[in-house]
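Enquirer: Below you'll find the structure I mean.
None of the figures in this text is laboratory data; all of them are computed from the coordinates on show. Keep in mind that this is a model prediction, so the values were computed, not measured. Cβ atoms come from the backbone with ideal geometry, glycine included; neighbour counts cover every protein chain shown.
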Ligand code: F6P
């Protein structure tokens with residue numbers, strides 16, 4: 001144990017529910033190991049601007065149940081430039097920072113890797129609702145977002161069924177169909193459209209019409225934001241084709257990123273946060289802590305940042321099989 005060890009901590013990219021319990025876990029695990037935490041405001045922007053604030057155990061009280069991130073987050077395009085990375089390293093050195101913990105999604109993990117390649121000791125934590133990070137079964141925030149989607153789709157089904165309509169419901173996820181496929185399974189959607197499987201408007205219209213012929217009283221179609229067909233264009237096309245149902249569109253949007261983290265996300269945040277501190281104090285660097293099976297493992301960032309996770313074929317098949 002090193003009494004003087006100073007850990008920088010930042011949250012970056014899109015916020016995800018569970019970042020706050022993760023911050024709490026890092027600060028308290030550090031304290032147990034006599035290390036100090038310097039919170040970095042606004043993600044990598046704060047590293048460039050030198051916005052560091054000491055975080056003590058009392059500073060992270062009462063945040064466990066709160067969505068968002070008390071450290072705040074930004075999408076920093078400046079940090080992609082070597083010039084700004086150098087400024088960030090200079091600021092970290094001037095504060096006597098011995099290591100950095102970065103919590104975020106794929107872009108943030110690339111930023112963490114870039115710093116590690118320049119000699120900064122960095123451990124990363126996957127936190128993004130998209131679940132597109134390689135090397136972890138689940139990222140922090142996915143489970144909460146999934147539950148938010150489920151609650152919304154259940155409500156939309158009530159009105160869809162009452163009016164005999166088809167609802168196109170758009171989920172987030174960038175280029176990954178994980179949230180949409182899972183929503184398809186847990187909400188019993190008639191159809192799921194995801195980036196991993198290209199479809200045409202015509203194919204969707206035929207499938208919806210077929211569902212109408214088979215006697216479906218309404219239809220729920222989950223459209224991932226990165227799908228090959230655009231939600232509003234698809235709605236217009238379905239109405240124009242007369243597929244049996246009239247259509248309505250709901251874009252769930254950023255509501256998926258907010259809210260109190262679920263028990264699963266709080267637990268994951270606690271486990272990954274503690275492991276990240278332990279890894280840094282054990283002189284690990286350029287790694288991500290990830291959930292593999294039931295265990296938390298260290299995965300090289302070089303591997304994480306060169307691969308990306310897509311929706312699993314097994315789940316895609318399940319969603320399809322159950323939509324009879
Ligand atoms: O990565 C999380 C995410 O919510 C994606 O699902 C979405 O494409 C993107 O962020 C939206 O980003 P912003 O909040 O910057 O509009």
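Enquirer: So what is the relative contact order of the range 144-257, in percent, for Cα pairs below 8 Å that sit 6 or more residues apart? Write out the running numbers ahead of the final one.
Expert: Working: 216 pairs, mean separation 43.8, N = 114.
Taking the mean separation of contacting Cα pairs over the length of the range 144-257, I get 38 percent.
Enquirer: Based only on other Cβ atoms within 10 Å, what is the fewest-to-most ordering of 178, 84? Mind showing how you got there, number by number?
Expert: Values: 178 26, 84 18.
Least crowded to most crowded, the residues run 84, 178.
Enquirer: How compact is the range 144-257 by the rule of thumb for globular proteins, expressed as Cα Rg over 2.2 N^0.38 Å? Please report the intermediate quantities before stating the final value.
Expert: Working: Rg = 12.7 Å, N = 114, 2.2 N^0.38 = 13.3 Å.
The reported ratio for this selection is 0.96.
Enquirer: What is the antiparallel percent of DSSP beta bridges lying wholly in the range 185-324, to the nearest 5?
Expert: On the way: 6 of 9 bridges.
Beta bridges within the range 185-324, antiparallel portion: roughly 65 percent.
Enquirer: Still on this structure, please answer the following. Helix 201-213 against the longest principal axis of the chain: what's the angle in degrees, Cα atoms only, rounded to the nearest 10?
Expert: The angle comes out near 60 degrees.
Enquirer: Could you line up 89, 140, 48, 101 from fewest to most neighbouring Cβ atoms inside 10 Å? It would help to have the intermediate numbers written out before the result.
Expert: Working: 89 17, 140 33, 48 22, 101 28.
By the 10 Å Cβ count, ascending: 89, 48, 101, 140.
Enquirer: A further question follows. Counting each DSSP H run of 4 or more residues in the chain as -39500 (n - 2.57), what helix-only mean residue ellipticity at 222 nm follows after dividing by all residues, to the nearest 500 deg cm²/dmol?
Expert: Working: 11 runs with 133 residues, N = 324.
That comes out to -13000 deg cm²/dmol.
Enquirer: Also, quick follow-up: Within a 10 angstrom radius of the beta carbon, how do 267, 92, 182, 321 rank from fewest other beta carbons to most?
Expert: 321, 267, 92, 182
Enquirer: With a Förster radius of 41 Å, plug the Cβ-Cβ distance of residue 292 and residue 228 into 1/(1 + (r/R0)^6) and report the FRET value to the nearest 0.05.
Expert: Working: r = 31 Å, r/R0 = 0.76.
Calculated transfer efficiency: 0.85.
Enquirer: Cα axis of helix 19-32 to longest principal axis of the chain: angle in degrees, 0 to 90, nearest 10?
Expert: 30
Enquirer: Nearest 5 is fine: what % of DSSP beta bridges in the chain come out antiparallel, could you say?
Expert: Values: 11 of 42 bridges.
Rounded to the nearest five, the antiparallel share is 25 percent.
Enquirer: Please find the FRET efficiency linking residue 197 to residue 94, where r is the Cβ-Cβ separation and R0 is fixed at 41 Å, and quote it to the nearest 0.05.
Expert: Values: r = 50 Å, r/R0 = 1.22.
Using R0 = 41 Å, I get an efficiency of 0.25.
Enquirer: What angle do you read, to the nearest 10 degrees and between 0 and 90, between the alpha-carbon axis of helix 82-94 and the longest principal axis of the chain?
Expert: Computed tilt is about 50 degrees.
Enquirer: Could you tell me the calculated FRET efficiency between residue 283 and residue 175, based on Cβ-Cβ distance and R0 = 25 angstrom, to the nearest 0.05? Let's see the in-between values first.
Expert: Working: r = 35 Å, r/R0 = 1.39.
Efficiency, rounded to the nearest 0.05: 0.10.
Enquirer: Based on Cα positions only, what radius of gyration and what Dmax would you give for the chain, in angstroms?
Expert: Reported Rg and Dmax, both Å: 21.6, 71.
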